[in-house]
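Have a look at the structure below before the remarks.
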Amino acid sequence: MTDTSVNDAPLVLAVPSKGRLQENATAFFGRAGLKFVKSRGERDYRGTIAGVEGAEVAFLSASEIVAQLASGAAHLGITGEDLVREQVADADAAVEMLTPLGFGHANVVVAVPQAWIDVRTMADLDDVASAMRSRQGRKLRVATKYVNLTRRFFARHGLADYRIVESLGATEGAPAAGTAEIVVDITTTGATLAANALKILDDGVMLASEANLVASVRAPWSERALAAANAILSRIAAEEEARSVREIRARIDAASETLGDLGALFGARLPFGASPAGGVLTVHCPEKAVFALVEHLATAGADDVTVSAPAYVFRKTNPLIERLQSRL
Ligand SMILES: Nc1ncnc2c1ncn2[C@@H]1O[C@H](COP(=O)(O)OP(=O)(O)OP(=O)(O)O)[C@@H](O)[C@H]1O
Ligand SMILES: O=P(O)(O)OC[C@H]1O[C@H](OP(=O)(O)OP(=O)(O)O)[C@H](O)[C@@H]1O
Ligand SMILES: [Mg+2]
């Protein structure tokens, strides 16, 4: 590749196109004003973003998104932390988790048959595994698709007498089918474990996962790609900030300096600066502090106190872009 092509490489944003994360991920980008355009119709696996220059959208499965972030084929993507920790050998070197997204919650857990009433902890499981090994000469079989997470977690608990049976689906059925004694799998409601008469060990939660916005450290971060990332991340951050703040406007007799330190008192700030006596004051404050602040302003003689929820709050810089830049 020549220098110009590297400098020109577009940003690739990888978006779940199927499975559990698809709907929430699409809604998430929609809230941030990021609308995907598929020029060749619904089955097109490549798209663009309306109004964002230099960005391509790749529609992929959650696990393929991890692979592309790890290799550097995609710059940004949404995927589950479970898949990142499982699929990427040195995840912290290859990718940066920019922010958790509040959906796609699921735990990766160690589950054993409910009938094993004396087995409640990893230490109990270790006893079972050692006994199987010494009395029956065979190893405890663990059905899972989370091979690497399982090896790491079992090693941390000093459990060595086991063998992994790789599972590609319907993992919870393995004990009943006789292909493994226990399972490591992901769960949200617990319904599938219960239906298969399995229980989670007390200390058997290996990872509490949720969907994350993830950046690739290895992708070709051309100037063009960085500019596109800036446009995307500033919209996402503006929507995130807007969701957590309320804007309060009021006519007030006193100058804003006489109101005390609104930052210390309410976690609020004056985005457009201090207001003079007899002027209009604009305050941004956390949602939970709204009524306390309104009462504080009323005490100072405020009138027409109007509270609204902004759609976006754009700042010169934002935590997402700062996190990304700190890694490039
Ligand atoms: N109850 C759940 N079960 C499984 N995954 C969940 C659940 N809740 C949230 N997730 C998240 O969704 C991710 C994708 O799971 P999903 O089953 O949708 O994948 P998929 O689209 O079938 O992809 P693949 O074909 O690669 O398995 C999981 O890795 C996890 O991070
Ligand atoms: O705790 P629950 O709410 O019951 O969810 C857990 C189930 O969901 C997942 O399977 P999925 O439906 O994604 O099918 P898959 O195994 O084909 O990915 C997971 O592998 C469990 O089987
Ligand atoms: Mg699945």
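The values are calculated or read from the model by the stated rules, or taken from the named source; none is laboratory data. What you are looking at is a predicted structure, and each value in this text was computed from that prediction instead of being measured. Cβ atoms come from the backbone with ideal geometry, glycine included; neighbour counts cover every protein chain shown. Calculation scope for accessible area: heavy atoms of the full protein, side chains included, ligands and nucleic acids excluded. Shrake-Rupley method; radii C 1.70, N 1.55, O 1.52, S 1.80 Å.
Put a plus charge on the Cβ of each Lys and Arg, a minus charge on the Cβ of each Asp and Glu, and nothing anywhere else: the dipole of the chain about its Cα centre is then about 800 debye.
Of the residues T306, A194, I78, the one whose Cα sits farthest towards the positive end of the charge dipole of the chain is A194 (charges of +1 on Lys and Arg Cβ, -1 on Asp and Glu Cβ, taken about the Cα centre). Each Lys or Arg adds one and each Asp or Glu subtracts one; over the other residues with Cβ under 9 Å from the Cβ of R224, this totals -3. Of the listed residues D303, D44, the order by accessible area with a 1.4 Å probe, largest first, is D303, D44. Give me the tail of P(r) for segment 244-308 as a percent: Cα-Cα pairs with distance above 21 Å. In whole percent, the share of Cα-Cα pairs in segment 244-308 beyond 21 Å is 7. Summarised as an ellipsoid, segment 36-93 has semi-axes of 25, 12, 8 Å, derived from the eigenvalues of the Cα gyration tensor scaled by 5 and square-rooted, with the largest first. A Förster distance of 22 Å, applied to the separation of the beta-carbon atoms of A194 and V165, puts the FRET efficiency at 0.50. The residues neighbouring A91, those whose beta-carbon lies less than 10 Å from its own, together hold a net charge of -4 under the Lys/Arg +1, Asp/Glu -1 convention.
Within the shell defined by Cβ-Cβ distances under 12 Å, the residues around A211 carry a net charge of -3, with Lys and Arg each +1 and Asp and Glu each -1.
Taking label points 7 Å from Cα along the Cα-to-Cβ direction, R151 and A50 give a separation of 4.7 nm.
Kirkwood radius and radius of gyration were both taken over the C-alpha atoms of the chain, and their ratio Rg/Rh is 1.11. In this label model, M97 and T258 are separated by 5.0 nm, measuring between points 7 Å along each Cα→Cβ vector. Computing FRET efficiency as 1/(1 + (r/R0)^6) for S39 and R323, where r is the C-beta to C-beta distance and R0 is 30 Å, gives about 0.40. Ignoring aspartates and glutamates fewer than eight residues from K139 along the same chain, the ones with Cα atoms less than 17 angstrom from its Cα are D124, D126, D127, D161, E166, E181. Which translational diffusion coefficient, to the nearest whole µm²/s, is obtained for segment 1-152 from the Stokes-Einstein equation, given a Kirkwood hydrodynamic radius over C-alpha pairs, 25 °C and 0.890 mPa s? Answer from the Stokes-Einstein relation: 132 µm²/s. Spread over its residues, the convex hull of the C-alpha atoms of segment 106-208 is 90 Å³ per residue. Per residue of the chain, the DSSP helices (runs of n ≥ 4 H) give a summed -39500 (n - 2.57) that works out to -9000 deg cm²/dmol at 222 nm.
Averaged over residues, the count of other Cβ atoms within 10 Å places the peptides 127-133, 24-30, 307-313 in the sequence 24-30, 127-133, 307-313, highest first. Annotation: peptides 64-70, 284-290, 230-236, ranked by per-residue average of other Cβ atoms within 10 Å with the highest first, follow the order 64-70, 230-236, 284-290. Full extension of the chain segment joining R218 with D304 gains 25.7 nm, where the gain is 0.36 nm per residue of separation less the Cα-Cα distance. Rounded to the nearest 5, the antiparallel percentage of DSSP beta bridges internal to the chain is 70%. The calculated FRET efficiency for N7 paired with S134, based on their beta-carbon distance and R0 = 45 Å, is about 0.10. Checked against a 28 Å cut-off, the cross-linked pairs K35/K288; K35/K316; K18/K145; K35/K145 give Cα-Cα distances beyond that limit for K35/K288; K35/K145.
Mean separation of Cα pairs under 8 Å and 6 or more residues apart, divided by the residue count, gives segment 106-208 a relative contact order of 49 percent.
Amide H contacts of V165: V142, A143, T144, each under 5 Å away and 5 or more positions distant or on a separate chain (H built 1.01 Å from N in the peptide plane; Pro and chain starts excluded).
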